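Student: Quick one: the structure is below, questions incoming.
The values are calculated or read from the model by the stated rules, or taken from the named source; none is laboratory data. A quick note: this is a predicted structure, and the numbers were derived from the prediction, not measured. Backbone-built Cβ (ideal geometry, glycine too); neighbour counts: all protein chains shown. What goes into the accessible areas is simple: the full protein's heavy atoms, side chains included, and nothing from ligands, DNA or RNA. Shrake-Rupley method; radii C 1.70, N 1.55, O 1.52, S 1.80 Å.
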Amino acid sequence: MGRLNGKVALISGGARGQGEAEARRFVAEGARVVLGDVLETECRAVVESLGEAARGLRLDVTQEEDWARAVATAQDSFGRLDVLVNNAGIVRTGFLEETSLADYRAVIEVNQVGTFLGMRAVVPAMRESGGGSIINISSNAGIEGVQGVIGYVASKWAIRGMTKTAALELGRYGIRVNSVHPGGVATPMIGADDFDSVDQDAVWSAQPIPRVGQPEEIANLVLFLASDESSYSTGSEFVADGGGLAGSTGRGVDPN
């Protein structure tokens, strides 16, 4: 216990799924957290359950002013900011020729632009704190191609590249930047209507670890990257996908 004592973290998409699991893990290890989400009711419930160690606010990651407000909340409430977890994300399914420009842009705006805005927003506060850790949640779809989710794949590859560039630019300030690449995780995202046609058991049974991942398993990896235990790691990809990338290619979903 106490692996994050004294640290203050900002987590986007903190109302449920991986973001909620990360918040609970962080607080259990001594951190104070600011959770942002567009799901305000759900976010408020998580914050209330965490007590005085947590604050919450509406955070639309595509809006610069929302990011500025989130950073100010961390500094005003807890005096500093040490960790950012760019966790918020969406997916839209459909093959290339079926994907509308509106759907493609929606995914890019949240996943890619949101990550860019989050990183940019926290740099001054982290420099004031003497350094920090930025953890960008990508996907194993940011390392290989996946059929049926072209916008999602594009955004997750972009996160991987932005992570490396930010690591190069921010290392001089003591700010580390890494990306996390989960495979399938049991969150509301893979339970969405877009995935009704997917045989979930068949997807995960082909992996070396033949099951879907749990949010807490990803949270444990994010905890390591937020802590000083990962002090020599930056600009790197950390995969937690049950071995899915070990031998598979061309995976994907058929939304039809």
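Student: Let me spell it out: the conditions are (1) open to solvent by less than 50 Å² (accessible area, probe 1.4 Å); (2) in contact (Cβ under 8 Å) with a residue 60 or more places away in the chain, and residue 30 meets all of them except one. Which number is the exception?
Tutor: Of the numbered conditions (1) open to solvent by less than 50 Å² (accessible area, probe 1.4 Å); (2) in contact (Cβ under 8 Å) with a residue 60 or more places away in the chain, the odd one out for residue 30 is (2).
Student: If I filter region 177-192 for residues that are open to solvent by 20 Å² or more (accessible area, probe 1.4 Å), out of contact with any helix residue (DSSP H, G or I) (no Cβ under 8 Å at 6 or more places or on another chain) and modelled with pLDDT under 95, do I get at least one hit?
Tutor: Looking through region 177-192, at least one residue is open to solvent by 20 Å² or more (accessible area, probe 1.4 Å), out of contact with any helix residue (DSSP H, G or I) (no Cβ under 8 Å at 6 or more places or on another chain) and modelled with pLDDT under 95.
Student: Right, here's the next one. Can you tell me which residue among 148, 118 is of a type outside the set (Lys, Arg), touching a residue at least 12 places away in the same chain (Cβ under 8 Å) and under 23 Å from residue 224 (Cα atoms)? First the steps, then the outcome.
Tutor: On the way: 148 fails: under 23 Å from residue 224 (Cα atoms).
Going through 148, 118 in turn, the sole match is 118.
Student: Right, something else. Under the condition of being open to solvent by 20 Å² or more (accessible area, probe 1.4 Å) and touching a residue at least 60 places away in the same chain (Cβ under 8 Å), which residue from region 152-176 is farthest from residue 81 (Cα to Cα)?
Tutor: 152
Student: Could you tell me whether residue 106 is open to solvent by 10 Å² or more (accessible area, probe 1.4 Å), assigned to a helix (DSSP H, G or I) and within 12 Å of residue 86 (Cβ to Cβ)? If you could, list the steps in order and put the result at the bottom.
Tutor: Details: open to solvent by 10 Å² or more (accessible area, probe 1.4 Å): yes; assigned to a helix (DSSP H, G or I): yes; within 12 Å of residue 86 (Cβ to Cβ): no.
No; evaluated as a whole, the condition is false for this residue.
Student: While we're on this one: Hey, does region 131-154 have a residue that's outside any helix (DSSP H, G or I), over 26 Å from residue 98 (Cα atoms), of a type in the set (Gly, Ala, Ser) and modelled with pLDDT under 95? Steps first, answer last, please.
Tutor: Here is the first cut: in region 131-154, the residues outside any helix (DSSP H, G or I) are 131-139, 143-149.
If we keep only those that are over 26 Å from residue 98 (Cα atoms) too, we end up with 131-137.
So of that shortlist, the ones also of a type in the set (Gly, Ala, Ser) come out as 131-133.
Applying the additional criterion that residues be modelled with pLDDT under 95 yields none.
So far as region 131-154 goes, no, none of its residues is outside any helix (DSSP H, G or I), over 26 Å from residue 98 (Cα atoms), of a type in the set (Gly, Ala, Ser) and modelled with pLDDT under 95.
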